[in-house]
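Notes to accompany the following structure.
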Amino acid sequence: MNNLKVLELHQEIKSSADNEIKDIKKELDNSMFDDEIVSQIEGLRSLGFRNFDYSRVLRDLENKKKKRKTLKTLKKDFSGYDILTEETIFDICKKYNLKFDYIKNYTAEVPFKVLDKFKKLNKFISKNKLDYNLKELHIIAPESKFDPKAKNFKKEDPILIARIHYMGFYVVIHSWGYEKEILKNLK
C-alpha cells in the first residue's frame, strides 16, 4: 500500500465514529417522529396495505437511535482510542483490499509491543471502571497475512482491534508495519 493510501486509511479510521454519528443523526433528523410513523402506518393499513411488515420500520428507527447513543457513549468511554463499527470495517476492507478476521488466523509476525498495548487498554478499562470485555480480538490486514504458505516479508497494514459491544463496535488497539513507519515519519 502506498503512502497516500496508508494516510487515507488512517484518516478514515480516525473519523469513522464521528462520521457514523453524523450520518445516523442526519437519518434520524430526516425521518418522522415515532407518532408520525405510527399514524402513517395506520393510514396505509386503512387503505388496504396489510401485508407489509411496518413493525420493521419502527425497529429500524429504534436500532438507529440505540446505535447513535451507544456510539456516543463508546467515544466518551474510550476517549483517545479509535472506535469502528462493523460496517465501517467492511467498507475499509473492501476499499483497501484488506481482510477482517480473528487473530488466530493471522500468520505473519507480531511485535511484542502488541501485548503492551493490549494490557494498556485493559488497564484503561479497569481504571475508568468501564464494563467492557476485550476477549474477542480481530485483525485487519492484507489477505497474504492469513496464508501460512505466503512469504510475509513485507511490512503491511495490520490493525489489531477488539470487539467491545454486542452491536458490532470495535476499538483499535494497535497497528504496526509499514503504515506505522510512514505515520512516524510524517509527524
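Numbers below:
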read-out: Neighbour-count order for 145, 64, 129, fewest beta carbons within 10 angstrom listed first; value: 129, 64, 145
read-out: Cα pair distances of region 85-141 binned at 5 Å [whole percent]; value: 4, 15, 19, 21, 21, 15, 5, 1
read-out: D (Stokes-Einstein, µm²/s), Kirkwood Cα radius, region 44-109, 1.002 mPa s at 20 °C; value: 136 µm²/s
read-out: Order of 135, 113 under a 10 Å beta carbon neighbour criterion, fewest first; value: 135, 113
read-out: Positive dipole terminus of region 72-168, leading residue within 93, 165, 114 (C-beta point charges); value: 114
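The numbers here are math on the coordinates, done by the rules we state, and not lab data. Note that the coordinates shown come from a computational prediction; the quantities given were computed from them, not determined experimentally. Because the Cβ atoms are built from the backbone with ideal geometry, glycine has one as well, and the counts that use them run over all protein chains shown.
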